[in-house]
1. Take segment 106-130 and flag every residue that is buried (at least 18 other Cβ atoms within 10 Å of the Cβ) and either on the phi > 0 side of the Ramachandran plot or assigned to a loop (DSSP other than H, G, I, E, B) (or both).
2. Could you tell me whether ASP119 is within 11 Å of the ligand (Cβ to nearest atom) and either modelled with pLDDT under 95 or more than 22 Å from LYS37 (Cα to Cα) (or both)?
3. Answer with yes or no whether ILE81 is surrounded by 20 or more Cβ atoms within 10 Å (Cβ to Cβ) and within 11 Å of the ligand (Cβ to nearest atom).
4. Can you tell me which of GLN142, GLN97 is modelled with pLDDT of 95 or more, more than 16 Å from SER76 (Cα to Cα) and of a type outside the set (Ser, Thr, Tyr)?
5. Do we find that SER110 is among the polar types (S, T, N, Q), in contact with a strand residue (DSSP E or B) (Cβ under 9 Å, 6 or more places away or on another chain) and more than 10 Å from the ligand (Cβ to nearest atom) in this structure?
6. Any idea which of ASP55, ASP63 is within 16 Å of the ligand (Cβ to nearest atom), in contact with a Lys or Arg (Cβ under 9 Å, 6 or more places away or on another chain) and not basic (Lys, Arg)?
7. If a residue has to be in a strand (DSSP E or B) and either within 11 Å of the ligand (Cβ to nearest atom) or β-branched (Val, Ile, Thr) (or both) to count, how many in segment 84-105 make the cut?
8. What strands (runs of 3 or more DSSP E) completely inside segment 131-218 contain at least 2 residues that are more than 16 Å from the ligand (Cβ to nearest atom) and free of Cβ contacts under 8 Å to residues at least 40 places away in the same chain?
Amino acid sequence: MRSFEDNYRQKGLRRKLIEHLKEKGIKSHAVLDAMLKIPRHLFLDKAFEEWAYKDFAFPIDCDQTISQPFTVARQSELMDIRPKDKVLEIGLGSGYQACVLHNLEAKVYSIERHKTLHDKTSHRLKGLGYSSIRTFYGDGFQGLPLLAPFDKILITAACDEIPEILISQLKEDGFIIFPYGKTNDSQIMTKITKLKNGVLKTEEFGLFRFVPMLKGKV
Ligand code: SAH
């Protein structure tokens, strides 16, 4: 684990990125503040640090990506976090999105299906002082039955089916946000809220592109 370096240059680049996210339509001050505080360059390998404050997705280990900053901001805004919300993330990846949710004062649980990525990111989060984010190695399609129910669930990989098991792990009035669709196309950011008597309400929030949500663990 490298030391926690966050110099003036990186802080300046981060401020510019936040301005860019505002221009692209991100309105939540809480989300913009959280992203201003978190040193995103520490979530990429050192050789690629200069890419950290551009609004791009970027490759990480195991052929996966750290989501584009705009996508993280939009998903975080849609999560509408209230302090102490119990939130399940599917797709820990680099851990950056989990940290944004944590900084918004959610109690975060996150699952990753790649052992290498799970272990490396768990170690990174501890090193950065984020040890209260609870990470799990497993298949996100199964959720975390022993820790359910959750207030909110966020999937950060493209899911081409309605995630029934995850919906069953939501509290009443809880919701799940997920990019719905096949991976070779773009996906529709979808919100399903679990109303009284199991009635589901569906809303859509535009097109995004994600790596696939795959079954099983590796
Ligand atoms: N939230 C991450 C984005 C990572 S990309 C970040 O901020 O960096 C999506 C991640 O979902 C990848 O790491 C991928 O391995 C993981 N993933 C895909 N299918 C999964 C599944 N069924 N269960 C858990 N994780 C999964």
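The values are calculated or read from the model by the stated rules, or taken from the named source; none is laboratory data. These figures come from a predicted structure and were not determined experimentally. Because the Cβ atoms are built from the backbone with ideal geometry, glycine has one as well, and the counts that use them run over all protein chains shown.
1. Passing the criteria: ALA106, ARG113, HIS114, TYR130.
2. Against the criterion (within 11 Å of the ligand (Cβ to nearest atom) and either modelled with pLDDT under 95 or more than 22 Å from LYS37 (Cα to Cα) (or both)), ASP119 does not qualify.
3. No: the conditions fail for ILE81.
4. Of GLN142, GLN97, the one residue that is modelled with pLDDT of 95 or more, more than 16 Å from SER76 (Cα to Cα) and of a type outside the set (Ser, Thr, Tyr) is GLN142.
5. Answer is no for this residue.
6. ASP55
7. Of the residues in that region, 4 qualify.
8. Passing ranges, in order: 170-180, 187-194, 200-208.
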